1. Being in contact with a Lys or Arg (Cβ under 9 Å, 6 or more places away or on another chain) and in contact (Cβ under 8 Å) with a residue 12 or more places away in the chain is the filter here, so list the residues in segment 279-295 that pass it.
2. When only residues in segment 269-287 that are under 18 Å from Gly229 (Cα atoms) and not β-branched (Val, Ile, Thr) count, which is farthest from the ligand (Cβ to nearest atom)?
3. Could you figure out which of (1) open to solvent by 70 Å² or more (accessible area, probe 1.4 Å); (2) part of a loop (DSSP other than H, G, I, E, B); (3) within 16 Å of the ligand (Cβ to nearest atom) isn't true of Gln266?
4. Sort out which residues of segment 107-143 are at positive phi and more than 16 Å from the ligand (Cβ to nearest atom), and write them in order of number.
5. Looking at the structure I just gave you, is Ile308 modelled with pLDDT of 95 or more and in the same structural domain as Ile33 (by TED's automatic domain parsing)?
6. Would you say Val99 is exposed (fewer than 11 other Cβ atoms within 10 Å of the Cβ) and at pLDDT 95 or above?
7. For Trp254, are the conditions met, namely being of a type in the set (Phe, Trp, Tyr), open to solvent by less than 70 Å² (accessible area, probe 1.4 Å), within 13 Å of the ligand (Cβ to nearest atom) and in contact with a strand residue (DSSP E or B) (Cβ under 7 Å, 6 or more places away or on another chain)?
8. Search segment 292-317 for residues being surrounded by 20 or more Cβ atoms within 10 Å (Cβ to Cβ), away from the ligand (no atom under 16 Å from the Cβ) and not aliphatic (A, V, I, L, M), and hand back the single one that is farthest from Asp231 (Cα to Cα).
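The values are calculated or read from the model by the stated rules, or taken from the named source; none is laboratory data. Keep in mind that what you see is a predicted model, and the values were worked out from it rather than measured. Note that we place each Cβ from the backbone using ideal geometry, even for glycine, and neighbour counts take in every protein chain shown. The protein model used for the area step is the full one, side chains on, heavy atoms only, and it has no ligands, DNA or RNA in it. Shrake-Rupley method; radii C 1.70, N 1.55, O 1.52, S 1.80 Å.
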Amino acid sequence: MKRYLKVSDIGDLNLALQEALEVKKNPYAWDAIGKNKTIILLFFNSSLRTRLSTQKAAMNLGMNVIVLDINKDGWQLETEFGVVMDGDKPEHLREAVPVIGRYCDIIAVRSFATFENKEDDYQEKILSQFIEFAGVPVISMESATRHPLQAFADLVTIEEKKTKKKPKVVLTWAPHPKALPQAVPNSFVEWMKEADVDLVVTHPKGYELAPEFSDGVTIEYDQNKAFEGADFVYAKNWASYHEYGQVLSKDKSWTVDEAKMALTNQAKFMHCLPVRRNMIVTDEVIDSENSIVIDQAANRVVSAQVVIKRMIEYLNK
Ligand code: SN0
């Protein structure tokens, strides 16, 4: 695997799932394949799970790991082309990325949507410079439009926890004080469309995802109706796509609570974390036996390890 940015990069989902379960059962079976290979985890934004799980996955494969928080260490990077660099950014990505590519065999990068400009975000202005100039394989650790390591871990979690062949999976918008990216819901929908699940997305009007993700997906604007018979409830906030980056609602009637979970088929509760308690979900629901958010986070090591393993196999060919 040469790059990992979206669902199509993983190929057959059943094969990926099989490999994930093998890796989970025996995480150290490939502990020599990454010897003398270096991965850099480069962050433009905060991280807990992504940083730790990706580092752990790389270590399980015997790799050397460099972590760089570009806002704290290194030069502030210019990302616009053709600008006179007379401001506070001493270095351009155009040099920084290929330099890093000479030191590292794999570059993993996190760069969230900035919400400054819809086109820039949806054309992946930052990530695409990494792909173009790195000269080595690139992994997205959440880009402006997608979070594929999360979605893969979510799929593994659903596969492990499901009690029927084709579970009903509901992605629900929930309120949040800030404007959050669409990356997590975009990727979740992108993956669930290809998985063997019955997917329903529910959100207030105005929160429709970009057409490339929402096309062909069942949208139910009545959250209670959407929850009926659900086997999995995945909560997430996102800012509006159509009124780009706007918070159109903070309606607490969308918070996932026990009354809503009672409408489901004893659904498992999922969230990618970090989660705002009593905004997105009540304490009672996230602390209940049906909450699988910690298992979901644990599977982040598994998804990262499959991806890095496939990249090392590609490099070692
Ligand atoms: C990020 C997001 O894309 O929604 C990362 C999720 C994996 N979440 C946040 O930035 C949460 C920040 C907050 O203030 O709650």
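1. Met279, Ile280, Val285, Ile286, Asn290, Ser291, Ile292, Asp295 - these are the residues of segment 279-295 that are in contact with a Lys or Arg (Cβ under 9 Å, 6 or more places away or on another chain) and in contact (Cβ under 8 Å) with a residue 12 or more places away in the chain.
2. The residue in question is Phe269.
3. Result: Gln266 passes all but (3).
4. If the condition is that a residue be at positive phi and more than 16 Å from the ligand (Cβ to nearest atom), then Gly135 is the only one that fits.
5. So Ile308 fits the description; yes.
6. For Val99, the condition - exposed (fewer than 11 other Cβ atoms within 10 Å of the Cβ) and at pLDDT 95 or above - is not met.
7. no
8. Lys309
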